[in-house]
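What follows is calculated from the coordinates using simple rules that are stated; it is not laboratory data. No experiment lies behind these values; they were computed from the predicted model shown. Cβ placement follows ideal geometry from the backbone for every residue including glycine, while neighbour counts extend to all protein chains displayed.
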Amino acid sequence: MIAQPDHVARRWPIARIVGRKVAKALHCGLEKKLLDLIRFRVSRMNGCAYCLDMHWKDLRAEGETEQRMYSLDAGRETPYYSERERAALAWAEAVTRVADTHVRTMCTSWRGDISMRTSSPI
């Protein structure tokens, strides 16, 4: 694996820490392809070119279609993602944008009847 450029670490130091914590939490039952799809979406949200390139290549090597990758930003409006993928992507968006909105609000935006229960407020 190629080391992450220094400018990425300087620009988003807290994102790297949170990313590691989230990655640990995600490894409890999600397949690698879905994890990489989540990483790709979060990289798009964060605007990190290095990460986008890395996760794009990972997904293509795993057989992900370009159609699904290009339409990820409009995933709520496309039929390309399963309910499980939609829920995982909604959760990833919610924790990525937690400063902008409440987690429950973000999760319901992907699919109106998804309700996330948390043991403590975020």
Note, ³J(HN,Hα) from phi for the stretch 87-93, Karplus 6.51, -1.76, 1.60, rounded to Hz, x at Gly and Pro: 5, 5, 5, 4, 4, 4, 4
For a quick check: sort 71, 43 by the number of other beta carbons within 10 angstrom, fewest at the front. 71, 43
Label-point separation, residue 44 to residue 78 (7 Å along Cα→Cβ), nm: 0.6 nm
